[in-house]
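Please treat every number below as a calculation from the coordinates, not as lab data. Bear in mind that the values here come from a model prediction, so they are computed numbers and not experimental data. Using ideal geometry, Cβ is built from the backbone for each residue, glycine included, and neighbour counts are taken over all protein chains shown.
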Amino acid sequence: MAGRENWSSRRAFILAAIGSAIGLGNIWRFPFKCYENGGGAFLIAYIIAMITAGIPLLIMELSLGHHFKLAAPLSFRKIGKKFEWVGWWAVFVGFVIVSYYAVVMAWGLNYSVFSFTQAWGENTKDFFFSNFLGLTDNPFHLGGFRLPILISLLVGWILIVGAVWKGAKTVSKVVYVTVFLPWLLLIVFVIRGVTLPGSLVGITYYLQPHFKELLNPSVWITAYGQIFYSLSVGFGIMIAYASFLQKDAEIINSSIIITLSNCATSFLGGFAVFGSLGYYAHISGQAVEKVLSGGPGLAFITYPTIINNLPFARIFGIIFFLMLLTLAIDSAFSLLEAVSSSVRDKFGWGIKRSNITVALAGLIVGLIFTTGAGLFWLDIVDKWIEFFGLCAVVLVECIVLGWFFKLDRLREYANSYSEIKIGKLWNYLIKLILPLIIFALIISETIKLISKGYENYPNAALLIAGWGVVLCLPVLAMIFSSVGKKGEIVSEKVAIPKSPFINDIGFKRFNRYLYSILILGFILAVFIILSFYFVSLKPLIIFFVAAYIFLTLIGGAIYFTIISIKDDEKRDEWAKEAFPEK
């Protein structure tokens, strides 16, 4: 499409993609998954999942979007007309998520106001569930709309639409605030968290490695599930975002920087969370495991309690909920953009019309989550859609691209643009290994939910909001793929550079990183083995595990960013030679 908007710069694109990946789950989900699945040992499984699944999948989606210059549905239609529904399935999963994610944003907006007066009082649990949510006794007792939440939901959607008002052009400006600000505020909370009395005990719970857990298949399933959950793959976001890249844009190194930045944020967030929980346990005279709470309970019950006991409590309350809002809004407007760009491609609508229409639909769908029973329905939908919806979409994406498209062609396309190059192992990961891992994830979780249920909810509620929603989405996707424009899709011509951006040094750059983390991992393993013979070394294990993860994630992000900065100077000159008509 000749009039397709572009990012203002590569930096803006990377920040937007990082902002989409980094969300509330980095703060209230990841640290507790780590604690529950072996602590520091889980982090090692998480790093392996990041390298074997996170980076390859992100490369796949960015390459696809950049190659066809279309959002997810029509990108898949370019592979084959019968596959358009796969793209719609992905964006519908994202649409359902943003419909309730906006409600969580509305909670944050309310609590941002409450923080000025600490309106939650001393009994933060009763305030959140009774006074604020008006929680009923079961999902089928709706209890009416909660007016403060409803008003904040309207405000939230106005903010979300405003962030993408002119598409990539507006987002290119907004992300400099919505990405850097939460990073800055997170650093403030990390410093505050680790310097509080009792914080070391909490951090020990977070990082203490239980290596025998690496023999437990469920730990690996959780690690891969967390990677899928946190990187915004499978929602159509990254395909849409890549479609707005300039013709000569970098792909693979951008994927790596985005992945490492997201995972590093999760890792650092754990220090803020568990440092604060250690302090809470210290002042309340309880063991840390007694105050552990993930999900909304952490943000809206535990943290307000902790804030009540901090010096300058109101200031820290304002900072905390401002951080939550900025974390949430990036993810929310990226989900909106994934859907609205798909609508624009399919029906030829303008940016504002598509954004407003999708937002209104999301607002209507989200109304049920503003009722007294809203938390129940939100919890069920979130569990099913984030797991089954997401994993199923990624599985089908891998099958379509791996078996019905020439992966070598896509890999060579990405390599020709990029500062880093990938080999044929990527093909096998997408075509064989990842589908098997995802299939195992789905089977394992299905058996668990069928046999044990979920949070004692009535089976009827699970059938409606869980299985019902998940099964309806691919059907709706097939219906959407059969309406609208017929025939050949008009899009920008696929641009193949006359020469690759870099020679085989691109392979060596990635290998250096892999060899470095393998060597560091070997040193860590030797130290762990020695600790069994020299007991005095055991207290240092946490430090060495943390240092290894820090160097792998933050050190890696710095390494690849330096490559990007150095090579950006060469890109304009290369583009003139690679695309003479430019």
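So, in nm, how far is label residue 215 from label residue 8 when the simple model puts each one 7 Å beyond its Cα toward the Cβ?
5.6 nm
Quote the charge dipole size of region 503-581 about the Cα centre in Debye, to the nearest 20; the model charges only the Cβ of Lys and Arg (+1) and of Asp and Glu (-1).
With only Lys, Arg, Asp and Glu charged at Cβ, the dipole is about 520 debye.
Could you give the length gained on full extension between residue 562 and residue 408, defined as 0.36 nm per residue of separation minus the Cα-Cα distance, in nm?
52.6 nm is the gain from fully extending residue 562 to residue 408.
List, largest first, the extents of the alpha carbons of the chain along their principal axes, each in whole Å.
Extents along the principal axes, in whole Å: 70, 62, 46.
Over 31 Å between Cα atoms: which of 352/424; 82/448; 33/570; 169/424; 81/498 fall into that group?
352/424; 82/448; 33/570; 169/424
Please report the relative contact order for the chain, taking Cα pairs under 8 Å with a sequence separation of at least 6, and give it as a percent rounded to a whole number. List each step's numbers first, then the result.
Details: 877 pairs, mean separation 167.9, N = 582.
Over the chain, the number comes to 29 percent.
Which Cα, out of 121, 153, 95, lies furthest along the positive dipole direction of the chain (beta carbon charges, K/R +1, D/E -1)?
The residue sitting farthest along the positive end of the dipole is 95.
To the nearest 20 Debye, how big is the dipole of the chain about its Cα centre, given +1 on the beta carbon of each Lys and Arg and -1 on that of each Asp and Glu?
I would put it at about 1080 debye.
Give the peptides 253-262, 343-352 in descending order of average Cβ contacts within 10 Å, highest first.
253-262, 343-352
Sort 107-113, 298-304, 118-124 by packing, meaning the average of other beta carbons within 10 Å per residue, with the highest value first.
Working: 107-113: 21.3, 298-304: 23.6, 118-124: 15.7.
My ranking of the peptides, most packed first, is 298-304, 107-113, 118-124.
How large are Rg and Dmax for region 503-581 when calculated on the C-alpha trace, in angstrom?
Here Rg and the maximum Cα pair distance are 19.2, 68 Å.
Roughly speaking, what is the centre-to-centre gap between region 115-139 and region 32-79 when only Cα atoms are used, to the nearest Å?
37 Å
Can you tell me which of 387-393, 335-341 comes out highest on packing, and rank the rest after it, using the mean Cβ neighbours within 10 Å?
335-341, 387-393
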